[in-house]
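The structure appears below as structure tokens.
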Number of protein chains: 2
Amino acid sequence: MKDKKDNNPIPQEIRFAALAVDIVCFRVADGDLEVLLGKVATDNNKYKGWWAHVGGLVQIDETAEQAVDRLLSDKAGINKIYKEQLYTFSAINRDPRGRVVSVAYIALTDGTNTQDLAKARVETVWKRVGSLPKLAYDHDEIIRVAIERLRSKIMYTDIARYFMPKEFTLSELQKVYEAVTGEGVDKRNFRKRIIALGILKDTRRTIKKGVMRPASLYTFK
Amino acid sequence: MKDKKDNNPIPQEIRFAALAVDIVCFRVADGDLEVLLGKVATDNNKYKGWWAHVGGLVQIDETAEQAVDRLLSDKAGINKIYKEQLYTFSAINRDPRGRVVSVAYIALTDGTNTQDLAKARVETVWKRVGSLPKLAYDHDEIIRVAIERLRSKIMYTDIARYFMPKEFTLSELQKVYEAVTGEGVDKRNFRKRIIALGILKDTRRTIKKGVMRPASLYTFK
DNA sequence: TCAAAAGTGTTGCTCATACACCCATGA
DNA sequence: TCATGGGTGTATGAGCAACACTTTTGA
């Protein structure tokens, strides 16, 4: 992709920075909030072999959003995912290779996501946010901000929906809230509140897992 | 400043974009929410003579935050102001001169601000947000997002403090809330709520304006 | 009948809203 | 005494938190 013709009329001398995106991609699996990490593979990079958020350079003919979709697909085999812009990090030495300004995004996917690992061009792993290694670049800082934002938004929006598969039980939804906030909630109060919001639809069908009473299945409206 | 040596080890061919900041600077004056606009002065620019948010290019040796401080000071004569990052706009054709990615900031100042007009290198004006002209570039979109964010944050944070002078009356503070939200509030309920937050301190002094009962002066803790 | 998760109501508290009159001042 | 904005209390309803037992199922 670097062979694209540079037909940008902006003078070269003021184009000092490379523009990148970094994607903090979350899921909830087995009651744990997890984040997608990719192994740094570029040579001449003191962080080679470290774990980092998936990301890369924005190209001349795409927006930051388009770069996010492309990089998630190419590097991690993840497609059609919910995303929102998080923050832009412009510290001068955040990348030891030179001035790189990064627009960070949060992305959410459901725990049963279909990651096309055949397409993924980077070694990736899902790590619980409670036990992360030291990350490359300023990615520790980025994920700190991302978790803070995610915890705050799950309280007053319905973003939890992007963690859920099409159909789910109320217990599963509750586990997602608890995994994100890190705190347990009362089952009756949770169900009352979430039903009162009017964002769920009862499918009138049930699912049975193991030796127990079947649970009602819901979808988001 | 463009004469700075380009000692960036990032290869020239991936540095396609210019990085800019745009600053949506608000104040409340005479009960109206106003925004600072600067007249576009660059030649070879189809927007020359239009009004736009104050902004400019980020330089190689400064962060976006530092660029905001520098540009507000140089172009508008405004110093030491509260600011927070709003959103990064990366649409490909947002600037007709070429690919410019802009990190937008919100800045707030009090209505009695001391703008050093002698230093200001750009013609500026404060405009009521209710009667804005069509702005240059994508600045209509930027201010739409900025106002949305400001209205939302004034409801659950204490950012209103940055609109106030050191000391102020409760009526003045209420006017700021009303100017930002665009809606009137009940005086008794407003005072009860704001006092209950515990963020104000009564100076035990009063101020008298015109022919009326003096009002108590408060400060933010 | 046991294990395991599903499902269900009531009470008290806190907080937001609606609403109207007297006070202090200088002209 | 009048005009102007400053300053105050109460009642009602909504929404949230605390709290424990019964139901359904298959082994």
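Some observations on this one:
- In the protein assembly as shown, helical runs assigned H by DSSP with n ≥ 4 each contribute -39500 (n - 2.57); averaged across all residues and rounded to the nearest 500, the mean residue ellipticity at 222 nm is -7500 deg cm²/dmol.
- Cβ-Cβ distance of B:K208 and B:Q66, R₀ of 51 Å, FRET efficiency by 1/(1 + (r/R0)^6): the value works out to about 0.75.
- Taking A:R99, A:R121, B:R161 and counting other C-beta atoms within 10 Å, the order from fewest to most: A:R121, B:R161, A:R99
- Between A:N45, A:N93, A:N189, the residue with the greatest mean-square fluctuation in the GNM of chain A (Cα pairs under 10 Å linked by springs) is A:N189.
- Rounded tilt (10° steps) of A:170-181 against the dominant C-alpha axis of chain A: 40
- Tensor-based shape of the stretch A:164-220 (alpha-carbon gyration tensor, a/c under 1.5 rounded, otherwise prolate or oblate): oblate
- Take B:K201, move 7 Å from Cα toward the beta carbon, and the resulting point lies 5.6 nm from the same point in each other copy, nearest first.
- In order through the stretch A:150-164: 3J(HN,Hα) via Karplus (6.51 cos²θ - 1.76 cosθ + 1.60), integer Hz, x for Gly, Pro: 4, 4, 5, 6, 5, 7, 10, 9, 10, 4, 3, 4, 6, 8, 9
- Cβ-based charge dipole, the stretch B:18-156, positive-most Cα from B:S131, B:V145, B:H53: B:S131
- Taking B:A18, B:A107, B:A118 as the candidate residues, the one with maximal mean-square fluctuation in a Gaussian network model of chain B, Cα springs under 10 Å, is B:A118.
- What the phi angles of the stretch B:119-127 give under the Karplus curve with 6.51, -1.76 and 1.60, with θ = phi - 60°, is a coupling list of 7, 5, 9, 10, 6, 10, 8, 9, 10 Hz, glycine and proline written as x.
- In degrees, nearest ten, helix A:64-76 long axis to first principal axis of chain A (Cα): 80
- Ignoring lysines fewer than eight residues from A:K127 along the same chain, the ones with Cα atoms less than 16 angstrom from its Cα are A:K39.
- Between B:I199 and B:E84, the C-beta separation translates, for a Förster distance of 25 Å, into a calculated FRET efficiency of about 0.90.
- Of all DSSP-defined beta bridges confined to chain A, some 75% are antiparallel rather than parallel.
- Overall form of the protein assembly as shown per C-alpha gyration tensor (a/c, 1.5; a/b vs b/c): oblate
- Global form of chain A, assessed from the alpha-carbon gyration tensor, a/c cut-off 1.5: prolate
- Backbone N within the stretch B:14-54 under 19 Å of label point (7 Å from B:A215 Cα along the Cβ vector): B:27-34
- Of all DSSP beta bridges in the protein assembly as shown, antiparallel share, percent nearest 5: 75
- Each copy carries a label point for B:P133 at 7 Å from Cα along the beta-carbon vector; from one copy to the others these points are 5.7 nm apart, nearest first.
- Remark: B:H53, B:H139 ranked as B:H53, B:H139, counting other beta-carbon atoms within 10 Å and listing the fewest first.
- Neighbour-count order for A:V211, B:V40, A:V68, A:V21, fewest beta carbons within 10 angstrom listed first: A:V211, B:V40, A:V68, A:V21
- Peptide-level mean, for B:62-69, of C-beta atoms on other protein chains within 10 Å: 2
- Shortest-first distances to equivalent copies, position A:R97, nm, label 7 Å out along Cβ: 3.0
Since every read-out is calculated from the coordinates, none of them should be taken as a lab result. Quantities reported herein were computed from a predicted structural model and do not represent experimental measurements. Glycine also receives a Cβ, built like all others from the backbone with ideal geometry; neighbour counts cover every protein chain displayed.
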